[in-house]
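> My questions all concern the structure below.
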């Protein structure tokens, strides 16, 4: 994997690449088809050198996620899925991705262990965490790991109040194909050969002991498990809750 360095990279960000066995630093145009870029905005990933403007960059302080975090009390469906509680919940996010929902959990005052299998996505998110940690104090309640979430869960002695599962949505149809970010993530998972892992992961977690599982799915997606205790329905998304 190559990283095109335009500005001095921080030590903490560089350490987030620890899981890459080989990381080639370049200060000229990268020769690889896909590569990292580090500049004054932080870390980005170019998934296709033919279209270098199509990049994935994570920022918790601005954009759509920054807007969501500023109005966290409006996240009614996610709050309903967690259930009414005055206590700080311990949540295991098994499909961390870009931490979109985990950041909401943290903002609601809960503690989260989030695990992401993709080394590329992990590095991008880790860099975003480092840039935001001084402005989002709730990040102190996050443990973020790059690993197989099922194995991590099995290895942890603590009991979690919630297991959160948000596997990659099925292929988008042409009418809904608007999210460039989602398509970028899918491309990255293809690069790392992590396709078709989501449903198998869901089945594996249902075979374990748990207090509560929240499974996030598209609203009209088929129900693969019949023992749903209740659902929280949104306009395009639903949360299936299993107790």
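> Take the alpha-carbon positions of region 1-124, form their convex hull, and give its projected area averaged over all directions (one quarter of the hull surface) in nm².
The Cα convex hull of region 1-124, projected and averaged over all directions, gives 8.9 nm².
> Could you tell me the calculated FRET efficiency between residue 26 and residue 100, based on Cβ-Cβ distance and R0 = 45 angstrom, to the nearest 0.05?
Numbers: r = 31 Å, r/R0 = 0.68.
The value I calculate is 0.90.
> Rg to Rh for region 2-57: what is it, with Cα atoms only and Rh by Kirkwood?
Using Cα coordinates only, the ratio equals 0.93.
> Using a Förster distance of 25 angstrom, determine the FRET efficiency expected from the C-beta separation of residue 41 and residue 145, and round it to 0.05.
On the way: r = 25 Å, r/R0 = 1.00.
My answer for the efficiency is 0.50.
> Sticking with the crude label model, points 7 Å out along Cα→Cβ, report the distance from residue 199 to residue 159 in nm, one decimal please.
About 3.3 nm, to one decimal.
> In whole angstrom, how far apart do the alpha carbon centroids of region 1-64 and region 133-154 sit?
Between the Cα centres of region 1-64 and region 133-154 lies a distance of 21 Å.
> Then there is this: How long is the gain from residue 222 to residue 87 if the chain were fully straight, where each residue apart is worth 0.36 nm and the alpha carbon distance is subtracted? It would help to have the intermediate numbers written out before the result.
Working: separation 135, 0.36 × 135 = 48.60 nm, distance 3.31 nm.
Result for the pair: 45.3 nm of gain on full extension.
> Pull out the extension gain between residue 208 and residue 231, defined as 0.36 nm times the separation in residues minus the alpha carbon to alpha carbon distance; nm, one decimal.
Numbers: separation 23, 0.36 × 23 = 8.28 nm, distance 2.10 nm.
Full-extension gain reported as 6.2 nm.
> May I ask for the angle, rounded to the nearest 10°, between helix 119-132 and the longest principal axis of the chain, with both axes built from Cα atoms and the value confined to 0 to 90°?
Helix 119-132 sits at roughly 90 degrees to that axis.
> If you don't mind, there's one more thing I want to ask. Once every DSSP H run of n ≥ 4 in the chain is given -39500 (n - 2.57) and the sum is divided by its residues, what mean residue ellipticity at 222 nm do you get, rounded to the nearest 500 deg cm²/dmol?
Numbers: 8 runs with 70 residues, N = 243.
Value at 222 nm, helices only: -8000 deg cm²/dmol.
> Another question about this same structure. Go through [x] 31, 20, 18; [y] 45, 20, 14; [z] 26, 20, 18 and flag the label whose value is the computed semi-axes √(5λ) of the Cα gyration tensor in Å for this structure.
Answer label, from the structure shown: [x].
> Relative to the first principal axis of the alpha-carbon coordinates of the chain, what is the inclination of helix 180-191, with its axis defined by its Cα atoms, in degrees from 0 to 90 and to the nearest 10?
On a 0 to 90 degree scale, this one is about 80.
We did not get these values from a lab; they are worked out from the coordinates using the rules stated. In this text the structure is predicted, and so the values were computed from the model without any measurement. Backbone-built Cβ (ideal geometry, glycine too); neighbour counts: all protein chains shown.
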